[in-house]
1. On a 0 to 90° scale, report how tilted helix 49-62 is relative to the longest principal axis of the chain, with both axes built from alpha carbons and the result rounded to the nearest 10.
2. Given the DSSP H assignment, sum -39500 (n - 2.57) over each helix run of at least 4 residues in the chain and divide by its residue total; what's the result at 222 nm in deg cm²/dmol, nearest 500?
3. Expressed as cubic angstrom per residue, what is the convex hull volume of the alpha carbon set of segment 226-301?
4. Take the chain, connect every pair of alpha-carbon atoms lying under 10 Å apart with a spring to form a Gaussian network, then pick out the residue of Thr155, Thr15, Thr96 with the largest mean-square fluctuation.
5. Taking N as the number of residues in segment 206-344, what is its Cα Rg relative to 2.2 N^0.38 Å?
6. Place a +1 charge on the Cβ of each Lys and Arg in segment 5-338 and a -1 charge on the Cβ of each Asp and Glu, then give the dipole magnitude about the Cα centre in debye, rounded to the nearest 20.
7. Let me see the pair-distance distribution of segment 130-240: every alpha carbon pair, 5 Å bin width, integer percents in order.
8. Over the chain, what percent of the accessible surface lies on carbon and sulfur atoms, probe 1.4 Å?
Amino acid sequence: MDNSIFVKTLKGEDTERPPVWFMRQAGRVLPSYLKMREQYSFSELMKSPELAAKVTLLPIYDLEVDAAILFSDILVIPEALGMELTFTDSGPRFTTALKDLSDPMSIIKADATKLNYIYDVIDEIHKTKPANTPLIGFCGAPFTTLCYMMQGLGTNHTFQDAVTLLYKDKVLAHKLLNAITELSVEYATQQIKHGIAAFQIFETHAGLIPSDLYFEMIMPYVRKISAAVMATGTPAIFLPKGLGYGIVNITPEDTDFLSIDWQISIDDARVLVHHDIGLQGNLDPRLLLADKETILSQLEKYRFFGSEYQNWIFNLGHGFIPGIPYENAKLVVDWVKQTDWQRS
Ligand code: 1CP
């Protein structure tokens, strides 16, 4: 039975400090990861159960964070929907972008068996991880996944074709969102069967569209995934990056924890977000490019918050970016662990 500080916090139990983990904690800043990348491509690391399990656990040993996140990518869903994908040095790229097809649904053919290797990765992680190490599973939320499918690559972050599809062809948008969601529900369910401790839904590009449109067209699909997760008793974490004031409309039926980006203070988020929903976040990852004194002074903002609120997971507002010194990431973990949070 997992009685880690991360799982306890997700269950609403009291702990002496907040748990800490980071988005993109394996594959961006760790010297041990960068060394493995000299030898293997990202796809090789992700597709081999032994290597992917090893990378997943690197942050547990190197950074000493409180949870591991499966080493994979959100784009495995479009791949299993029939889209050919390569991870190049400049990021992921689909051979054919949906924006270039007259009938995008013609290439969508779900094959859930293409995800089977990921369950082997999860099994391997369980075999090799230290006791009491919770594993976070994840998928992309339907809109973010659609952004990459329409665009074909990640270098243009306006994702205009996906955004305008929501206005110009709602019928097609719903067909695509539905296909992504159905496979994501199956994927989440299988990850849970293979023993993940929590499931995070990454809506990295929520901020591209008005929040009322987000709730009208996208949120019902997110709810299908999170409801399937929560029905199994597995805690759900939802990251709607850039949703802004829209977080006020998230309900406890939508998620157990909400991951907050850096645009809003964690104190303001606590006022806005339904009090039965826990928070995760929200340090600006770019702060970690600054010097030690600046980082430590910014961390002070969290001290009072963490003494007042137990239902909070320390994390970044979004993922690590390349170039962040490993020592600065470690400094944050040590600060969270060594601070006297004065919880009694
Ligand atoms: O620690 C980890 O890296 C955890 C595993 C993980 C996760 C949770 C990876 C590995 N990717 C993701 C999620 C993911 N992938 C998201 C959602 C979260 C987020 O915004 O960070 C998104 C949008 C992607 C798409 C993606 N995959 C991009 C972004 C493209 C863009 O510019 O918009 C990139 C560069 C990738 C490749 C990738 N995925 C993961 C890693 C480590 C890498 C880099 C590969 C390398 O080592 O070169």
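The values are calculated or read from the model by the stated rules, or taken from the named source; none is laboratory data. These numbers were taken from a predicted model, which means no experiment stands behind them. Reconstructed Cβ throughout: ideal geometry from the backbone, glycine too, with neighbour counts over all protein chains shown. These area figures cover heavy atoms from the full protein model, side chains too; ligands, DNA and RNA do not enter into them. Shrake-Rupley method; radii C 1.70, N 1.55, O 1.52, S 1.80 Å.
1. 30 degrees
2. Per the formula, -12500 deg cm²/dmol.
3. Once divided by residue count, the hull of segment 226-301 is 99 Å³.
4. Most flexible of the set in this elastic network: Thr155.
5. 1.11
6. With only Lys, Arg, Asp and Glu charged at Cβ, the dipole is about 280 debye.
7. Final binned percentages: 2, 12, 23, 23, 17, 11, 7, 3, 1, 0, 0.
8. Within the chain, the accessible surface is 50 percent carbon and sulfur.
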